[in-house]
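These notes concern the structure reproduced below.
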Amino acid sequence: MKTFTLFKYSLFNFSELHTAKKMPFWKVIFYVIFLSIILALPITKQIFSVMQDVKHDGQMIAEKLPDFKIADGQFQVAENTEGFIYQTNSIIFTFDPEGKRSSNDITADSVGNAVAVGFLQNEFVVALPNSSTADSLFGTSQFEIPYSKGSLDGLNSQDLKQGLNEASVPFWIKLIIFAFTLYPIFINLIINIFLITIGANLYSKIRLYDLRIFDCLKIVTYCTTLPVILSGILHFINHSFDDSFLIIFLSLVIFFFAVRKEKKRELPLN
């Protein structure tokens, strides 16, 4: 049985998907990776689009930056330098050497798809848009770096302006971003497949189909193809769309059609 044949069955001929039980398990694993890539594409596109917007808007913000430097764990600016807030389509930037704003204010600024960035009096803050994507990738959507730690010592306005004007994302960085995006999606898809398999195995027992749970797992994997593709399309339209219910529900429905041709066990006569 060829993977491409099963792929076509998963789109146009559900009743033949029961033959997936004959597939080697290693091919099933690679197919799950393939499905994960489909789900990762819209999220990766969103991340790259945001990075490009941030680069462009960052160059606009750099032109307005007053002179500053971070040295000895302190944020140093010229006397009488006033703070400001500058908003673009992708960044809400705060420059606040006077201590008028807090990290919570920066986080509150992050609405929609905008990234909130702040050089505050005592720390540097980045707040990503509040979404399950950021949380799954990084475990949080807010990052705070106190100047007192010394990790930002040596940073100054001139270096920052030059870096923003010359910034470009190397191809290997894009690959790393894609890998980090793919990993949580792969894990989440495996969890969904296991949940679907439990329901599919229960259904096959009730219907007396002669299927082991391992057979159900293989069939279910290919049953998720169409739901995954639909979820990927919906993610391009709505980045915050939660696809778990759609994948689980539609995959179970497709499984019901897929196993109709399976032989049933005969109950022993009393």
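The values are calculated or read from the model by the stated rules, or taken from the named source; none is laboratory data. This one's a predicted model, so the numbers in the text were calculated from it and none came from an experiment. Every residue, glycine as well, gets a Cβ built from its backbone with ideal geometry; the counts of neighbours run over all protein chains shown. Calculation scope for accessible area: heavy atoms of the full protein, side chains included, ligands and nucleic acids excluded. Shrake-Rupley method; radii C 1.70, N 1.55, O 1.52, S 1.80 Å.
Only one of the numbered conditions (1) closer than 16 Å to LEU217 by Cα; (2) of a type in the set (A, V, I, L, M); (3) open to solvent by 40 Å² or more (accessible area, probe 1.4 Å) is not met by MET51, and that is (1). Kindly indicate whether any position in the range 206-228 is under 24 Å from PHE7 (Cα atoms) and assigned to a strand (DSSP E or B). Yes, because at least one residue in the range 206-228 is under 24 Å from PHE7 (Cα atoms) and assigned to a strand (DSSP E or B).
For the range 215-248, the set of residues classified as closer than 11 Å to ALA200 by Cα and surrounded by fewer than 24 Cβ atoms within 10 Å (Cβ to Cβ) consists of ASP215, LEU217, ILE248, listed by residue number. Within the range 89-104, none of the residues are farther than 27 Å from ILE173 by Cβ, among the polar types (S, T, N, Q), open to solvent by less than 20 Å² (accessible area, probe 1.4 Å) and free of Cβ contacts under 8 Å to residues at least 24 places away in the same chain. Take VAL28 and decide whether it is under 30 Å from LEU155 (Cα atoms) and crowded, with 17+ Cβ neighbours inside 10 Å. Considered against the rule, which asks whether it is under 30 Å from LEU155 (Cα atoms) and crowded, with 17+ Cβ neighbours inside 10 Å, VAL28 comes out as no.
Report, by residue number, each residue of the range 199-211 that is exposed (fewer than 14 other Cβ atoms within 10 Å of the Cβ) and without any contact (Cβ under 8 Å) to a residue 24 or more places away in the chain. Residues satisfying the conditions are LEU202, LYS205, ILE206. What about PHE34, is it open to solvent by 90 Å² or more (accessible area, probe 1.4 Å), in a helix (DSSP H, G or I) and free of Cβ contacts under 8 Å to residues at least 12 places away in the same chain? No; evaluated as a whole, the condition is false for this residue. For PRO66, the criteria (1) more than 17 Å from VAL115 (Cβ to Cβ); (2) of a type outside the set (Gly, Ala, Ser); (3) open to solvent by less than 30 Å² (accessible area, probe 1.4 Å); (4) not in a strand (DSSP E or B) hold in every case but one, which is (3).
Scan the range 255-270 for residues that are open to solvent by less than 10 Å² (accessible area, probe 1.4 Å) and not in a loop (DSSP other than H, G, I, E, B) and the total you get is 2.
Among the residues of the range 236-249, just one is at pLDDT 85 or above and of a type outside the set (A, V, I, L, M, F, W, C), namely SER244.
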